Amino acid sequence: MANSPRIAIIGAGFGGLGMAIRLKGAGVESFTVYDGAEDVGGTWLANTYPGLSCDVPSYLYSFSFAPSTRWSRRYPEQAEILAYLRRCAGSYGLRPHLRLNTEVTAARFEDGTGTWRLTLADGTEQEADVVVFATGQLSRPLLPDIPGAGEFAGTAFHSAWWRHDHDLTGRSVAVIGNGSTAAQFVPRIAPAAGKLTTFQRTPSWVVPKNDFPYRPWARRLLRYVPGLRRAYRWSLFWRQEVMMLPIVFPALGRIAERRWAGAFLREEVRDPELRRRLTPDYPIGCKRVVIAGDYYAALTRPGVELVTEPIERITPTGIRTADGRLHEADTLIYATGFRATEFLAPVEVTGRGGRKLAETWSDGAFAFLGMMVPGFPNLFMMYGPNTNLGHSSIVLMLEHQAEHILRCVRLMTRHRLAWMDVREEAMAAYDRLVQEALSRTSWQGGCTSWYKTASGRVTNNWPFSTVRYGRMTRRPRPEHYHVKAR
Ligand code: NAP
């Protein structure tokens, strides 16, 4: 596309690569993808803990415009997903556009020129007309502030910084947290560990995963029968889409608690006392549902102990709980999640008239269609505020975002626009719609989660179907934007 703007994409994970593939496919070559890491992959490069896989089937957790029929199983492990992303970067000709090992630390809009000035970690600067942040919601590990944490004499690490050089065989391992991450690695490390103590503050609703390898004949059919892969993806799409229903209809949520997650717990955990401690007291979906067929089984293994007494402090030799017991450990693994509500941090973003994004978001992040914030022209986000899903593949949302941003780029090129900035009124009306719908979901249901801020505002999740998101983002509507001609 001639005269297309210079586009800086920040992040080379699913979002950034998806954007790059779509731009390239539309003939736009004027883009650069920045990433602080040494390769593409984003979260699938950073996280390497044992047992890491996606709990959304890969035929849906992959780009519709970059399909693969190589998946070995329904829920492939991290290495296979990373290999897919690396193949995407290679086969769509993205490598020449990549600037890896290059962290962007600040982005400032220059009112005079109507362009963005990016500061890189080495102190140099780059200019761009359009900036697309694709930095993810789960990229900054959260280390909780537990008294005594610095005194621990053994080996301690966060799940996102797995210490593969630290052999767990025969070790006394303490794990803090019991979300999706812990539920994936605890079953893997429990057999080798001498003793494993897992500290649970709040129980999770857990459902079975039903994973299976694709037989060679099935893989051949998916590869060679015209239309079959698409039909399979379509069936997975609708199967996931209906999972939204228990989140928005409490009566269906209660059925899912009893017949699905509750039934699984009753089946897997025979000890009534352990079962009681593993039973959540908040509606299903309020926190991310854990999808793991082997987690409960791991908790009932000899040598594995579930501790539900609150943690009082970490000592040099273990963890002391409120009942005064010291749980000795030589290895401490934090499965404590991510700083998910701090979107775009730690990049310092400054918009029109010196407006700081961090101040604009001081009561919680928001963005029009999850992509734009008034006062920050030509700055787009992928997987931005209120675009996370509790029920389906985030790649579906990223595809809608890439499509929408591409259309904005086309508009700017066709109409020779210097920038477009979403109007305050459009933002306010959109926010009312989203917040009103969020108030009726199970995410508000009396639990804490990474979906919301400390004050209780749900900043991460999308309260409707992905179909509705696709409809709302399909076409940028001129009445929603201020524009400035070049
Ligand atoms: P998470 O869901 O935020 O879980 C963090 C855990 O740490 C919770 O159990 C939390 O307890 C506990 N915790 C935090 N601070 C604590 C403290 N001070 N004391 C005691 N416990 C503490 O994090 P995650 O398991 O890493 O998962 C994050 C998200 O990543 C998931 O929800 C999912 O969306 C994504 N993920 C996806 C997959 C996949 O297969 N697609 C796999 C892994 C992760 P409380 O509940 O009491 O706060």
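Can you tell me how much longer the chain between Glu38 and Asp363 gets when fully stretched, taken as 0.36 nm per residue apart minus their C-alpha distance, in nm with one decimal?
Extra length from Glu38 to Asp363 when fully extended: 113.6 nm.
Amide H of Ala418: which non-local residues (sequence gap of 5 or more, or other chain) have their own amide H closer than 5 Å, using H built in the peptide plane?
Amide H neighbours of Ala418: Lys484, Ala485, Arg486.
Go through the chain and flag any cysteine with no other cysteine's C-beta closer than 4.7 Å, please.
Singleton cysteines: Cys54, Cys88, Cys408.
What size of dipole, in debye to the nearest 20, comes out for the chain about its Cα centre when the only charges are +1 on Lys and Arg C-beta atoms and -1 on Asp and Glu C-beta atoms?
Result for the chain is approximately 2060 debye, rounded to the nearest 20.
Assign one of three labels to segment 332-403, namely rounded, prolate or oblate, based on the Cα gyration tensor with a ≥ b ≥ c the square roots of its eigenvalues; rounded applies when a/c is under 1.5, prolate when it is not and a/b is larger than b/c, and oblate otherwise.
oblate
Using every alpha carbon pair in segment 330-486, what percent of pairs falls into each 5 Å bin from 0 up to the bin containing the largest distance?
2, 8, 17, 21, 20, 15, 8, 4, 2, 1, 1, 0, 0
Would you list the P(r) distribution for the chain, with all Cα-Cα distances sorted into 10 Å bins from 0 and each bin expressed as a whole %?
Histogramming the chain at 10 Å steps yields 4, 19, 28, 27, 16, 6, 1 percent.
Quick check on my link table: of Lys356/Lys484; Lys209/Lys452; Lys24/Lys356, which ones sit more than 28 Å apart, alpha carbon to alpha carbon?
Among Lys356/Lys484; Lys209/Lys452; Lys24/Lys356, the Cα-Cα distance tops 28 Å for Lys24/Lys356.
Express the relative contact order of the chain as a whole percentage, based on alpha carbon pairs under 8 Å and six or more residues apart in sequence.
20 percent
Just add up the charged neighbours of Ala402: K/R +1, D/E -1, any other residue whose Cβ is under 14 Å from the Cβ of Ala402.
Numbers: positive: Arg22, Lys24, Arg407, Arg410, Arg474; negative: Glu399, Glu403.
Neighbourhood net charge equals +3.
Could you rank the peptides 47-55, 205-213 by their average count of other C-beta atoms within 10 Å per residue, with the highest value first?
Highest to lowest by the protection proxy: 47-55, 205-213.
Round to a whole angstrom and tell me the spacing of the C-alpha centers of segment 1-42 and segment 413-486.
23 Å
Antiparallel DSSP bridges in the chain: what percent, to the nearest 5?
45 percent
May I ask which residue of Thr197, Ser180, Leu389 lies farthest towards the positive end of the charge dipole of the chain, with charges of +1 (Lys, Arg) and -1 (Asp, Glu) on Cβ and the Cα centre as origin?
Value: Leu389.
Report the calculated FRET efficiency for Glu348 and Phe157 (r = Cβ-Cβ distance, R0 = 35 Å), to the nearest 0.05. Walk me through the numbers before you get to the answer.
On the way: r = 28 Å, r/R0 = 0.80.
Efficiency at R0 = 35 Å is approximately 0.80.
How many angstrom lie between the C-alpha centres of segment 277-296 and segment 125-171?
What the calculation gives is 24 Å, centre to centre.
Can you give me the long-range amide H partners of Asn461? Hydrogens built in the peptide plane at 1.01 Å from N, cutoff under 5 Å, separation of 5 or more residues or another chain.
HN-HN under 5 Å from Asn461: Asn386, Asn388.
Does segment 8-114 classify as rounded, prolate or oblate by the C-alpha gyration tensor (a ≥ b ≥ c root eigenvalues; a/c under 1.5 gives rounded; else a/b over b/c gives prolate, otherwise oblate)? Kindly include the intermediate steps, with their values, before the conclusion.
Working: a/c = 2.45, a/b = 1.65, b/c = 1.49.
Verdict is prolate for segment 8-114.
What is the sum of charges around Ala12, taking Lys and Arg as +1, Asp and Glu as -1, for the other residues whose C-beta is under 11 Å from the C-beta of Ala12?
So the environment of Ala12 carries a net charge of 0.
Go ahead and run the numbers for FRET between Arg95 and Arg223, Cβ-Cβ distance against an R0 of 22 Å, rounding to 0.05.
Efficiency for this residue pair is about 0.30.
If Lys and Arg each add +1 and Asp and Glu each add -1, what is the summed charge of the other residues whose beta carbon sits under 12 Å from the beta carbon of Ala160?
Its environment carries a net charge of +3.
None of the figures in this text is laboratory data; all of them are computed from the coordinates on show. Everything quoted here is computed from the prediction, not taken from an experiment. Cβ: placed from backbone, ideal geometry, glycine included. Neighbour counts: every protein chain shown.
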